[in-house]
Amino acid sequence: MPVDLSDALLQHGLGHLDRAAQDYQAALDEDPDRPDALYLLGLVALQRGDPSRAFTLMGKAVAFRPEEADYHAGLAEVHRALGQFDHAVACCREAARLRPDSPEHLGNLGAILVDRGEVDAAVGCFREALRLRPEFVAAHNNLGNALLIQGDATAALDHFRIAARLDPESGEPHLNLGAILMGRGELKESLVHCREAVRLRPDLLAARIHLGNVLLMLGRLDEAEACFREVIRLRPDLAAAHANLAGILEQRGDFEQAMESLRATLRHAPRHAGALALLATRLRGKLPDADRAVIEGLLADPGLPPDQRWPLQFGLGQVLDAQGEFERAAGVAAEANALQRADLNRRGLGYDPGAFKAFVDPLLSSFTPAFFAKVRGWGLESDRPVFVVGLPRSGTTLIEQILASHPRVFGAGELRLAKQTFKAMTEATGRAGNLQECLDGLGRDALNLLARRHLDKLAALNGSADRIVDKMPENYLYLGLIAALFPNAKLIHCRRDLRDTAVSCWMTNFGQVRWACDLEHIAARAAEYRRVMDHWRRALPTPIFEVDYEAVVADLEATSRTLVDWCGLEWNPACLDFHTTRRSVQTVSVAQVRLPIYHSSVGRWKNYEPSLSSLFAKLYCDE
C-alpha cells in the first residue's frame, strides 16, 4: 500500500519543510517513480532555494504523468527560478492547455510573460483569469502591476483596491497601494496602506522601505529615520535602506554621516544608481574619479533601466557643470529630462500647459479688486503666517533659511496648506467647478473658519514662534486667497533671472515638478507665473516684498536686514550665519543652504546659451 502523504501535505502547508521532505522521501524510497512524491519533494527543493534539484525531481514527475497540469506549472516556476523564461512560458502554456478552466495557470503564465517583457500578452492572461474567477486576488494584484508598466496608473489603482478589499489580510495589495499613491502625491492614504502592509507582513522589507519613504515625504523625519534604521538592523546589507537613511541625514545637515551612509550603500551595492547619483549631485566637481568611472560605465550599458539611467545622468550633469564641461552637461541633462518626461507620460502624470492655463485664467478673473473690496475686514488679523513664493530654484529655500535663523521664526518648509485650504474653500461652497460662483457664495463666517483651521495647523507645527514661514514656491497661485484669509500675512516674492532659474530647473532631478523636464513647458510655466504675479501686484490689497536673488548674493546683510524688518522683527545677527542653522531642509537646495553665500550661480545661464538659446528667447519674448 502506498505511503499516505496527507500528514506530509499538512506539515508542508504549515511551513515545516524538513518534516514534509522526510515523508516525501520515504514515499520515494518505497517507490522511486511515484509522481506526486517527486513533484512535492521538488517543490520543497524550490522553496529551499535549490532549483537545480527541483528541476530533476519535477522533470521526472512530468515525464511519468504528462497529463497533470499542476506538474507543468510547478516545472514552470523552476525554469523561472533558473532564468529559463522560454521554457517557463512553454510549461505554463501546457498547463493552461491541459486545464483551460484554471485561472491559476493563466495567472502564472501572465506573471512569467511580465518577466519576459511581454506585458500586453500578460494583461490578456490576467484578464482571462479574472473572467474565470472575478475574486482572484493574485490576478488583480498582478494585473495592477502590469497596468502600471503600461502606464495606466488609474486602472492599476482600481485593481489594487479590489485586491485589498477581497483579501484585507494580504500585505501585497496594501504595499502596492501605498507605492502607487505615494507616486501620485496622495501621501496620507499612502501612509495608511504602507502601515497596513507592515502590520500584515512585518517580514516584507519593501513595505518598511515604502513606509519610510512616505514618512520622509510627509516631513516626519524622526519616524522615517527609525524605519530605515530598523530595516538596516533586520538586513544590514540592504543598500536601499542605507541610501534612504543618507537622504534623511543630509536633510538634517549631517553631511558627514550622510556620506558614510552613501558609502555603506555602495559597499553593499557598488552599482546602486540612487546612491551614486546623490553622491555626484552633492560632491559635484569633487567627485572622485573612481566614482565617476563607475557612473560612466553604468551609463554605457544599454540595458540600464531608464529609472536608474536618468538619476545618474542628472548627477553626472552636475559633475560636468562643476568641471566646466558645459556642452556635455547640457547633452546629458537633455537625455535625462527626456527619460523622466517619458516616465511621467507613461504613468499618466505628464504636464499639460493648457490645463495649467485653464486653472490660472479663473484666478485672475475672479480675485479682483472688487472681490477684495467685498472681503475687506474679513479673515484673521494674525501676523504669524509668512509666505515665501516664487518659481522653484529662485531662492525660496535661501530666504526661508535666513529667516528661520532668527530665534523668533520657525521655518516650516514647503507646506501644502494653502493648496488644501483653496480646495476646501471650493468644496465648502459646493461650487468647485466655477471659481467665480464659489467666491460669490463665500461668506465671512466660512472664510474665517478656513483661516482658523489654517492657522491651527500652523500652530500644530510650532506653537511658540512669532512667525511661521511656509516656503512652498507655488503658493504664488494662492496669494489671492491668502490675502483674504490673513490680511496681515507677510508675503515675500523671490525673483531671479528667469534664465538662471530655467537652467537650474533643467539641470535638477525634480521628481515632483513635472514641467521642469521639458523646455517648452518651462517657458510656458514661466510665462503663466509672470502673468499671475503681474496680476497680484495690481489687485492685491496686501503688499508684497519682492526680493531679488542677485541682490541677496551681492549684499547679504542689507537684504537680510530688510527682510527681517519686513516681517516686523528686530534684527538678529544669526540671520547672517544661516548656513550653520540646524534644521531640516527638504528641498533640492539642501546642500546649498548649508554653505555661505556664493556667486557662481548668478549668470550661470551664459554657460548654456549655445544649447538653450531658444528657451532663453522665449522667457523674455514679451519684453
Going down the list Lys423/Lys490; Lys357/Lys457; Lys286/Lys471, which pairs span over 24 Å between their C-alpha atoms?
Lys357/Lys457; Lys286/Lys471
Helix-only mean residue ellipticity at 222 nm for the chain, each DSSP H run of n ≥ 4 adding -39500 (n - 2.57), per residue, nearest 500:
-20500 deg cm²/dmol
What does the highest-first list of 106-116, 369-379 look like by mean Cβ count within 10 Å?
106-116, 369-379
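Could you compute the FRET efficiency for Asp565 and Leu234, with r as their C-beta to C-beta distance and R0 at 45 Å, rounded to 0.05?
On the way: r = 52 Å, r/R0 = 1.16.
My answer for the efficiency is 0.30.
Quick one: which of 433-443, 214-224 comes out on top by average Cβ neighbours within 10 Å, and what's the full order, highest first? Don't skip to the end; give the middle numbers.
Numbers: 433-443: 15.9, 214-224: 18.3.
Top of the packing list down: 214-224, 433-443.
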Roughly what would the spin-label model give for Glu609 and Ala300, points 7 Å off Cα along C-beta, in nm?
3.5
Quick one: angle between helix 306-322 and the longest Cα principal axis of the chain, in degrees between 0 and 90, rounded to 10, please.
40
Packing-based ranking, highest mean first, of 409-417, 18-26, 239-247 given that Cβ atoms within 10 Å are counted:
239-247, 409-417, 18-26
Where does the charge balance sit around Glu609 when Lys and Arg score +1, Asp and Glu -1, over other residues with C-beta under 15 Å from its C-beta?
0
Gln150 paired with Asp466, simple spin-label distance in nm, labels 7 Å along Cα-to-beta-carbon
6.0
By the gyration tensor of its Cα atoms, with a ≥ b ≥ c the square roots of the eigenvalues, what is the shape of region 405-447: rounded for a/c under 1.5, prolate for a/b over b/c, or oblate?
prolate
Is region 353-619 rounded, prolate or oblate when judged by the Cα gyration tensor, a ≥ b ≥ c being the square roots of its eigenvalues, rounded requiring a/c under 1.5 and prolate requiring a/b larger than b/c?
oblate
Per the rule of 0.36 nm per residue minus the C-alpha distance, extending Glu260 to Arg531 adds in nm 93.0 nm
Pairwise label distance in nanometres, Asn448 with Arg271, each label 7 Å out on the Cα-Cβ vector
6.5
Using the alpha-carbon atoms, what tilt in degrees (0 to 90, nearest 10) does helix 221-234 show relative to the longest principal axis of the chain?
20
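With a 10 Å Cβ neighbour count serving as the proxy for reagent exposure, in which order, fewest first, do Met507, Met58 appear? Please list the in-between numbers first.
Values: Met507 24, Met58 30.
In increasing order of surrounding Cβ atoms, one gets Met507, Met58.
Kindly state, to the nearest 0.05, the FRET efficiency for Ala290 paired with Glu327, given R0 = 30 Å and r defined as their beta-carbon distance. Don't skip to the end; give the middle numbers.
Working: r = 24 Å, r/R0 = 0.82.
So, using R0 = 30 Å, E works out to roughly 0.75.
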Rounded to the nearest 20 debye, dipole of region 353-619 from Cβ charges on Lys, Arg, Asp, Glu
380
In whole angstrom, the spacing between the Cα centers of region 357-399 and region 175-199 equals 32
Candidate values (1) 52, 45, 19; (2) 64, 36, 19; (3) 54, 28, 23, label of the one derived for semi-axes √(5λ) of the Cα gyration tensor in Å
(3)
If you stretched the chain out fully between Arg19 and Lys457, how much longer would it get, using 0.36 nm times the residue separation minus the C-alpha to C-alpha distance?
151.9 nm
Segment Glu135-Arg48, extension gain: residue separation times 0.36 nm, minus the distance between their alpha carbons:
28.3 nm
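Mind running the shape call on region 151-272? Use the C-alpha gyration tensor, a ≥ b ≥ c as the square roots of the eigenvalues: rounded below 1.5 for a/c, prolate if a/b tops b/c, oblate otherwise. All intermediate terms of the calculation are to be shown ahead of the outcome.
Values: a/c = 2.14, a/b = 1.87, b/c = 1.15.
Prolate, since a/c reaches 1.5 and a/b exceeds b/c.
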Exactly which GluC sites (Glu not before Pro) in region 1-108 are in a DSSP loop and have at most 11 other Cβ atoms within 10 Å?
Glu67
Net charge of Cβ neighbours under 13 Å - reference Thr281; Lys, Arg +1; Asp, Glu -1
+1
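At R0 = 51 Å, how high is the FRET efficiency between Ala355 and Glu30 if r is their beta carbon distance? Nearest 0.05 is fine. Don't skip to the end; give the middle numbers.
Working: r = 72 Å, r/R0 = 1.40.
It comes out at approximately 0.10.
Each reported figure results from applying straightforward, stated rules to the coordinates on display, with no laboratory input. Just so we're clear, the structure is a prediction, and the values are computed from it rather than from any experiment. Positions of Cβ are backbone-derived with ideal geometry, glycine not excepted, and every protein chain shown enters the neighbour counts.
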